[in-house]
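Trainee: I'd like to ask some things about the structure below.
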Amino acid sequence: MNEFLPWHAEPWRMLIERLRQGRLPHALLLCGPEGIGKDHFARLLVQTMLCETPRPDDGQPCGICRGCLLNAAGSHPDSRVVGLLEDKKIIGVDQIRELREYLGLKSHYAGHRTVIISPAEKMNTQAANSLLKTLEEPPARSLLILVASHPGQLPATVRSRCQRVTFSLPSSDTAQRWLSEQTGPHQDPALLLSLAGGAPLAALEIARSGKMDQRLALFEDFEKLACGQCSPVALAGAWLKFETQETLYWMRDWLTDMIRLKSATQPPTLINPDVRQRLQNMAAMLDLKTLYQHLDRVTEAARLATGQINAQLLMEDVLIAWQAHLPGKGKIPRHG
Ligand SMILES: [Zn+2]
């Protein structure tokens, strides 16, 4: 996806203007919800800074100069991206030290040197402290772009040295129109966006990854469990093939919808409108207090799932507790 995202127009215009006036700060912090294209924006901005002939009208990269071609090949010597290494949950100090060395060099093409750090909030304390030295004395003609969906997790010292650019969710009209163009006619853009919390790139990812089918299969299992037709332990095992946190997020959304259905006097707007009746049936078996307790439990489990945990045990706890409150409980032995 190379195109310009329509909801980025305003921050883009603002930064291009500053760039042309030579007033672009040394460090930017791009923040806002996940799945709205902050990384995409960062890459496009880098491309434009390294482009030899950006388009005069909108400041976008020309796409054909040496800088653009090197960028497209991912081999521009004046551009670096620092992210999570495979199987790592943090950005470590070695990655930032290496970056500091790179920034100490002269640019290859006498232009800017650019760095993207994403997700920046994943830097550990040592890494953040090391970066702070660079932010305090930024090399000339360098641009650091920090991308963070949870900027509050960054040290205040780092945040205060970056110019913050905040991205918001696009309007649902804009998002639906864009998503329909990407997915074609066989998908329901409104449902996809609802499941993705209104974030268009996250919605596109759901559409393209086959997660819609996965979600419905999980939901069916969840219903079976509610009716006592399968064991929580067996299910926790079967679900290991899915990403644990994501499964918990689906569950969180089902519970949220059940609470809405249970407490609303008017038919409420749901995250999962396609399974409204089935959620209603499940909600009818439980009282509101129990649903809130489960929601708390699932939210906490989703938080724990980001750390070093035993996914099977975590999921067992959640599913055993879920089944224990339902009328169908105990029909299947726990280790059956
Ligand atoms: Zn170019």
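Trainee: Is it true that ARG55 is touching a residue at least 12 places away in the same chain (Cβ under 8 Å) and more than 19 Å from ARG164 (Cβ to Cβ)?
Mentor: It is false that ARG55 is touching a residue at least 12 places away in the same chain (Cβ under 8 Å) and more than 19 Å from ARG164 (Cβ to Cβ).
Trainee: Moving on to the next point. In segment 71-89, what count of residues is obtained for those that are surrounded by fewer than 18 Cβ atoms within 10 Å (Cβ to Cβ) and either within 11 Å of the ligand (Cβ to nearest atom) or on the phi > 0 side of the Ramachandran plot (or both)?
Mentor: The number of residues fulfilling the criteria is 3.
Trainee: Residues CYS68, CYS62: which one is out of contact with any His (no Cβ under 6 Å at 6 or more places or on another chain), within 12 Å of the ligand (Cβ to nearest atom) and either among the basic types (Lys, Arg) or in a helix (DSSP H, G or I) (or both)?
Mentor: Values: CYS62 fails: either among the basic types (Lys, Arg) or in a helix (DSSP H, G or I) (or both).
The unique qualifying residue is CYS68.
Trainee: Can I ask one more? Could you check TYR102 against (1) exposed (fewer than 12 other Cβ atoms within 10 Å of the Cβ); (2) among the hydroxyl-bearing types (Ser, Thr, Tyr); (3) over 27 Å from the mean Cα position of the chain (by Cα) and say which number it fails?
Mentor: The failed condition is (1).
Trainee: A follow-up question, please. If only one of THR269, THR247 is buried (at least 17 other Cβ atoms within 10 Å of the Cβ) and of a type in the set (S, T, N, Q), which one is it?
Mentor: After ruling out the rest, the residue left standing is THR247.
Trainee: Give me the residue from segment 305-314 that is at pLDDT below 95 and crowded, with 16+ Cβ neighbours inside 10 Å and, out of that set, farthest from ILE90 (Cα to Cα).
Mentor: ALA311
Trainee: Would you please name the residue that is nearest to the ligand (Cβ to nearest atom), looking only at residues in segment 32-53 that are in contact with a strand residue (DSSP E or B) (Cβ under 9 Å, 6 or more places away or on another chain) and aliphatic (A, V, I, L, M)? Outline the logic, then answer.
Mentor: Taking segment 32-53 and keeping what is in contact with a strand residue (DSSP E or B) (Cβ under 9 Å, 6 or more places away or on another chain), we get 32, 38-39, 41-43, 45-47, 49-50.
Next cut, aliphatic (A, V, I, L, M) only: 42, 45-46, 49-50.
Working: ALA42: 17, LEU45: 13, VAL46: 12, MET49: 10, LEU50: 8 Å.
Filtering segment 32-53 for residues that are in contact with a strand residue (DSSP E or B) (Cβ under 9 Å, 6 or more places away or on another chain) and aliphatic (A, V, I, L, M), the one nearest to the ligand (Cβ to nearest atom) comes out as LEU50.
Trainee: Right, next: Checking LEU291 against (1) touching a residue at least 40 places away in the same chain (Cβ under 8 Å); (2) assigned to a helix (DSSP H, G or I); (3) not charged (D, E, K, R): exactly one of these is not met. Which one?
Mentor: That leaves (1) as the condition not met.
Trainee: Then there is this: Across segment 44-59, what is the total count of residues that are more than 25 Å from the chain's Cα centre (by Cα) and either of a type outside the set (A, V, I, L, M, F, W, C) or assigned by TED's automatic domain parsing to the domain that holds TRP178 (or both)?
Mentor: Qualifying residue count, segment 44-59: 8.
Rundown of residues vs (1) part of a strand (DSSP E or B); (2) in contact with a Ser or Thr (Cβ under 8 Å, 6 or more places away or on another chain), yes/no style:
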position: VAL147; (1), (2): yes, yes
position: VAL158; (1), (2): no, no
position: VAL165; (1), (2): yes, no
position: LEU169; (1), (2): no, no
position: ALA175; (1), (2): no, no
position: HIS186; (1), (2): no, no
position: LEU191; (1), (2): no, no
position: SER194; (1), (2): no, no
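Trainee: Might you let me know whether segment 8-19 holds any residue that is more than 12 Å from the ligand (Cβ to nearest atom), within 26 Å of SER130 (Cα to Cα) and either surrounded by 12 or more Cβ atoms within 10 Å (Cβ to Cβ) or in the same structural domain as GLY152 (by TED's automatic domain parsing) (or both)?
Mentor: First pass over segment 8-19, keeping only residues more than 12 Å from the ligand (Cβ to nearest atom): 8-19.
When the remaining residues are screened for being within 26 Å of SER130 (Cα to Cα), the result is none.
No, the conditions are met nowhere in segment 8-19.
Trainee: Identify the residue in segment 17-43 that is at pLDDT 95 or above and among the hydrophobic types (A, V, I, L, M, F, W, C) and, among all such residues, is nearest to the chain's Cα centre (by Cα).
Mentor: So the residue we want is ILE36.
Trainee: Go through (1) closer than 22 Å to ARG303 by Cβ; (2) buried (at least 21 other Cβ atoms within 10 Å of the Cβ) and name the single condition ILE259 misses.
Mentor: The one condition ILE259 does not meet is (2).
Trainee: Looking only at segment 120-142, count every residue that is at pLDDT 95 or above and not in a helix (DSSP H, G or I) and tell me the total.
Mentor: Of the residues in that region, 2 qualify.
Trainee: To continue, here is another question. Take segment 1-52 and flag every residue that is closer than 24 Å to GLU136 by Cα, part of a loop (DSSP other than H, G, I, E, B) and without any contact (Cβ under 8 Å) to a residue 24 or more places away in the chain.
Mentor: GLN21, GLY22, ARG23
Trainee: Still on this model: If we scan segment 80-96, do we find a residue that is part of a helix (DSSP H, G or I) and not assigned by TED's automatic domain parsing to the domain that holds THR53?
Mentor: No; the residues of segment 80-96 include none that is part of a helix (DSSP H, G or I) and not assigned by TED's automatic domain parsing to the domain that holds THR53.
Trainee: OK, next. Assess whether PRO56 counts as being surrounded by fewer than 17 Cβ atoms within 10 Å (Cβ to Cβ), farther than 16 Å from ILE116 by Cβ and away from the ligand (no atom under 16 Å from the Cβ).
Mentor: The answer is no for PRO56.
The values are calculated or read from the model by the stated rules, or taken from the named source; none is laboratory data. For clarity, every value in this text was computed on a predicted model and none was experimentally measured. As a convention, Cβ positions derive from the backbone with ideal geometry for all residues, glycine included, and neighbour counts pool all protein chains shown.
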